[in-house]
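Input: a single structure, listed below in structure tokens.
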Amino acid sequence: MTHTPGPWTTKAVHGLPDEEFTAVIGGDVEICILPPSGEANARLIAAAPDLLEALKSVLETITKNQFATKYLTTAQKQKARAAIALATQEAV
């Protein structure tokens, strides 16, 4: 299974009575709706596709470039791979 492609955005949606919720939207798909207190979480969720692609790109560059590889510890690379695996359900 793959995720809804980015970019994802947030928008205010009105609930009852007079509460404003935050929806995370990916294309034509409503990813989730969070309560009024969840606006910061909604922004983080909306950034997820971009964050995933950025992390993949950085890890790929670091892995391919022997000079750059010294800037990340083994633990940091493992943490990045684990985050990618968590997001994509791939084995680490």
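Under the condition of being closer than 24 Å to Ala23 by Cα and of a type outside the set (A, V, I, L, M), which residue from the range 43-88 is surrounded by the most Cβ atoms within 10 Å (Cβ to Cβ)?
Pro49
Quick check, is Gly6 under 22 Å from Gln89 (Cβ atoms) and either loosely packed, with under 11 Cβ neighbours inside 10 Å or at pLDDT below 90 (or both)? Break it down stepwise before answering.
Values: under 22 Å from Gln89 (Cβ atoms): yes; either loosely packed, with under 11 Cβ neighbours inside 10 Å or at pLDDT below 90 (or both): yes.
Considered against the rule, which asks whether it is under 22 Å from Gln89 (Cβ atoms) and either loosely packed, with under 11 Cβ neighbours inside 10 Å or at pLDDT below 90 (or both), Gly6 comes out as yes.
Identify, by number, the condition in (1) at pLDDT below 90; (2) touching a Lys or Arg at 6+ places or on another chain (Cβ under 7 Å) that Leu72 doesn't meet.
(2)
What residue, of Gly26, Gly15, is surrounded by 15 or more Cβ atoms within 10 Å (Cβ to Cβ), among the small types (Gly, Ala, Ser) and either on the phi < 0 side of the Ramachandran plot or touching a helix residue (DSSP H, G or I) at 6+ places or on another chain (Cβ under 9 Å) (or both)? So that I can check it myself, show each step before the final result.
Values: Gly15 fails: surrounded by 15 or more Cβ atoms within 10 Å (Cβ to Cβ).
Going through Gly26, Gly15 in turn, just one is surrounded by 15 or more Cβ atoms within 10 Å (Cβ to Cβ), among the small types (Gly, Ala, Ser) and either on the phi < 0 side of the Ramachandran plot or touching a helix residue (DSSP H, G or I) at 6+ places or on another chain (Cβ under 9 Å) (or both): Gly26.
Within the set of pairs 6 or more residues apart or between chains, which connect a residue that is within 23 Å of Ala54 (Cβ to Cβ) inside the range 1-29 to a residue that is in a loop (DSSP other than H, G, I, E, B) with Cβ atoms less than 6 Å apart?
Gly26/Thr4; Val29/Thr4
Cβ contacts < 7 Å: first residue within 21 Å of Glu90 (Cα to Cα), restricted to the range 56-79; second residue assigned to a loop (DSSP other than H, G, I, E, B), any location; separation 6+ or different chain. Result?
Partner pairs satisfying both residue conditions: Ile62/Leu72.
The values are calculated or read from the model by the stated rules, or taken from the named source; none is laboratory data. Keep in mind the model is a prediction, meaning the values are calculated, not measured. With ideal geometry, Cβ positions are generated from the backbone for all residues, glycine too; neighbour counts draw on all protein chains shown.
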